[in-house]
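Q: Dropping the structure in here first, questions after.
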Amino acid sequence: MSSTDGLSAPHHGAIEANFDGLVGPTHNYAGLSSGNLASQKHSSQASNPKEAALQGLAKMKALHDLGLVQGVLAPQERPDIHTLRHLGFSGSDSQVLQKAQQQAPRILAACCSASSMWTANAATVSPSADTADGRVHFTPANLTNKFHRSIEHPVTGRILQATFNNDEHFAHHPALPNVEHFGDEGAANHTRFCHEYGDPGVEFFVFGRYAFDHSQPAPKLFPARHTFEASQAVARLHGLSANAVVFAQQNPDVIDQGVFHNDVIAVGNRNTLFCHQEAFLNPHDVYEQLNQAMQDKFNIIEVPSSLVSVQDAVSSYLFNSQLLTINSKTTLVVPEECRHNPAVWGYLEGLVASKMPVDALKVFDLKQSMSNGGGPACLRLRVVLNSSELAATNENTLMNDALYNRLCTWVEQHYRDRLTEHDLADPALLDESRQALDELTHILKLGSVYPFQRTP
């Protein structure tokens, strides 16, 4: 089942669903993410949570309208009063917020982050065709490198379990140990290759450094968030065949240029890898391993530095795109910023004109997300499901016209159109957010996934 020997034996009825993170009510620009240049650039600017959420929903609806299975993942509870109390802030909820703002405003900002919107970091997912027990496996990412993200995984795990709630089809693992040695950034550093989605595939794990071998190369300026040891652990937990796994190290030099995740410099779909020339350490070895694992039926689109610099790739988020199969054709979904960069747009126009193997481009305005450091690929978690698994998925989380309209109305009712870092201590924001999330759990039929719903 998990051997690459089965690559030519398709499992009919399997699709790749995209589950996008719904932007939370506290979407703000606190500049919390060192190494993410867009996050740092827009630090302390006013954000528009309502616009951000509606932009994300518009992308989900557009992909649904193109015939793709599109799901919604709920955001985290923010402000995170539970974590603030764990850090010693006491009193009523409003007193906790007031004390945190007075004594540790950066900790308060971290506990108000809406970064769970980028569900590429939510988890690593292995389809049933790849796993030893024939179930879809989920491991929430521990995201240890950034405090504001490291507090997400308990709720992320509950949301995933409420979305994929059937033990016959789905296996849910806890996050890896919450220490830097097993830093795990989820699907932002993981790509699955296959010929048809239901075939046994090849899982591609990209990491930034070795935790236990300091003789290996590592970046010098920005942190390498994801370790080799974390990738190995997830592959073991998911029961993947050694013949169908490829590990690759990011180029440390590009991490130091702002490539904090692999999905900022590479993206893949089915039997195609679209990447920058400088994405990987020892790229030719990486390509050879992928070719062999895919039985030499593999496409590599390597963008040369002479046409698109790493700086242009990072600023435009060219590779933080979605590479999708729509009606047997390959479509590249890119952010509006790509159109505004002459080198990037010129390259993309030439790529589509060549029809090898990208057939079409689709451009989205995701300015609110982009300003905080995340593009189209950051916003989605890919989940391959066969027909039985899709039927077992919580249908209330799957996009359709009625859900889109209801969620847009929900956003209009509950979200602010302007938010600054000073507003994060406003007790009314906490009340607004909890009211919104409580209603959302009823819309999506998630049950009590948030701490405020579970506290006696």
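The values are calculated or read from the model by the stated rules, or taken from the named source; none is laboratory data. Because the structure is predicted, anything quoted here is derived from the model rather than measured. Note: ideal-geometry Cβ built from the backbone for every residue, glycine included; neighbour counts use all protein chains shown. Accessible surface areas use protein heavy atoms only, side chains included; no ligands, DNA or RNA. Shrake-Rupley method; radii C 1.70, N 1.55, O 1.52, S 1.80 Å.
Q: Given a Förster distance of 45 angstrom, what is the FRET efficiency for ASN291 paired with ASP167, based on the Cβ-Cβ distance and rounded to 0.05? Don't jump to the answer; show the numbers that get you there.
A: Values: r = 37 Å, r/R0 = 0.82.
Calculated transfer efficiency: 0.75.
Q: Using a 7 Å offset from Cα along Cα-Cβ at GLU180, what residues in segment 191-212 end up with backbone N under 13 Å from the label point?
A: Counting only backbone N, you get 209-212.
Q: Dividing the convex hull volume of the alpha carbon atoms of segment 378-434 by its residue count, what do you get in Å³ per residue?
A: On the way: hull volume 7.6 nm³, N = 57.
It is 133 Å³ per residue.
Q: While we're on this one: Taking a cut-off of 23 Å between Cα atoms, list the lysines near LYS329, but don't count ones fewer than 8 places away on the same chain.
A: Answer for LYS329, where 23 Å is the Cα cut-off: LYS59, LYS61, LYS297, LYS355, LYS362, listed by chain and number.
Q: Taking the Cβ-Cβ separation of ARG236 and GLU302 as r and a Förster radius of 45 Å, what is the calculated FRET efficiency to the nearest 0.05? The partial results should precede the final answer.
A: Details: r = 31 Å, r/R0 = 0.68.
Once the sixth-power term is evaluated, E becomes 0.90.
Q: Per residue, how much accessible area does the chain have with a 1.4 Å probe, in Å²? Don't skip to the end; give the middle numbers.
A: Details: 17060 Å² over 456 residues.
About 37 Å² of surface per residue is accessible.
Q: Once every DSSP H run of n ≥ 4 in the chain is given -39500 (n - 2.57) and the sum is divided by its residues, what mean residue ellipticity at 222 nm do you get, rounded to the nearest 500 deg cm²/dmol?
A: Details: 17 runs with 151 residues, N = 456.
Value at 222 nm, helices only, nearest 500: -9500 deg cm²/dmol.
Q: If I compute solvent accessible area with a 1.4 Å probe over the protein chains, what percent of it on segment 313-456 is carbon and sulfur? Each step should come with its number before you reach the end.
A: Details: 2860 of 5960 Å².
Carbon and sulfur: 48 percent of the exposed surface of segment 313-456.
Q: Moving to a separate point now. Provide the per-residue ³J(HN,Hα) series for segment 189-202, in order, calculated from phi with Karplus coefficients 6.51, -1.76, 1.60 and θ = phi - 60°, each as a whole number of Hz, with x at glycine and proline positions.
A: Values, residue by residue: 10, 9, 9, 10, 10, 6, 9, 10, 4, x, 6, x, x, 10 Hz.
Q: With an 8 Å Cα cut-off and a minimum separation of 6 or more residues, compute the relative contact order for the chain in percent.
A: Values: 984 pairs, mean separation 109.3, N = 456.
So the answer I get is 24 percent.
Q: Convert 37 °C to kelvin, take the viscosity as 0.692 mPa s, use the Kirkwood radius over C-alpha pairs of segment 221-364 as Rh, and evaluate the Stokes-Einstein diffusion coefficient in µm²/s, rounded to a whole number. Walk me through the numbers before you get to the answer.
A: Working: Rh = 16.1 Å.
For the chosen part, D equals 204 µm²/s.
Q: What are the lysines whose alpha-carbon lies under 24 Å from the alpha-carbon of LYS99, with same-chain residues fewer than 8 places away excluded?
A: List returned: LYS146.
Q: Follow-up. At what distance in nm do the modelled label points of ASP256 and CYS408 sit from each other, each positioned 7 Å from its Cα along Cα→Cβ?
A: 4.8
Q: Which order, highest average first, do 134-145, 161-172 follow once you tally other Cβ atoms within 10 Å for each residue and take the mean per peptide? It would help to have the intermediate numbers written out before the result.
A: Numbers: 134-145: 23.8, 161-172: 18.2.
With the highest mean Cβ count within 10 Å placed first, the list reads 134-145, 161-172.
Q: Taking Rh as the Kirkwood radius computed over C-alpha pairs, what is the Stokes-Einstein D of segment 214-303 at 20 °C in a medium of viscosity 1.002 mPa s, expressed in µm² per second?
A: Working: Rh = 14.1 Å.
Translational diffusion coefficient: 152 µm²/s.
Q: Which value in nm describes the separation of the simple spin-label points at ASP431 and ASP365, placed 7 Å from the Cα toward the beta carbon?
A: Distance between label points: 3.4 nm.
Q: Using a Förster radius of 56 Å, what is the FRET efficiency between GLN216 and LEU66 based on their Cβ-Cβ separation? Nearest 0.05, please.
A: On the way: r = 42 Å, r/R0 = 0.76.
The calculated FRET efficiency here is 0.85.
Q: In whole percent, and with a 1.4 Å probe on the protein chains, what portion of the accessible area of segment 94-244 is carbon and sulfur?
A: On the way: 2620 of 5250 Å².
Result for segment 94-244: 50 percent of the exposed heavy-atom area is carbon or sulfur.
Q: Still on this structure: What are the equivalent ellipsoid semi-axes of segment 168-222, built from the alpha-carbon gyration tensor (square roots of five times its eigenvalues), in whole angstrom, biggest first?
A: Numbers: eigenvalues 153, 58, 16 Å².
Taking √(5λ) for each Cα gyration eigenvalue gives 28, 17, 9 Å.
Q: Roughly how many Å² of SER387 are accessible to a 1.4 Å probe, to the nearest 10?
A: 80
Q: Restricting things to alpha carbons, tell me how big the chain is in terms of Rg and Dmax, in Å.
A: Radius of gyration, then largest Cα-Cα span, for the chain: 20.7, 63 Å.
Q: In whole Hz, what ³J(HN,Hα) sequence does segment 151-160 give by Karplus (6.51, -1.76, 1.60; θ = phi - 60°), x for Gly and Pro?
A: Coupling constants for segment 151-160: 8, 7, 4, x, 6, 4, x, 5, 5, 5 Hz.
Q: Right, here's the next one. Suppose each label sits 7 Å from its Cα in the direction of the beta carbon; what would the GLN453-ASN327 distance come out to in nanometres?
A: About 3.9 nm separates the two model spin labels.
Q: Which distance in Å, rounded to a whole number, links the C-alpha centroids of segment 149-192 and segment 397-444?
A: 24
Q: In segment 408-446, whose amide N lies under 14 Å from the spot 7 Å out along Cα-to-Cβ of SER94? List them in ranges.
A: 425-432
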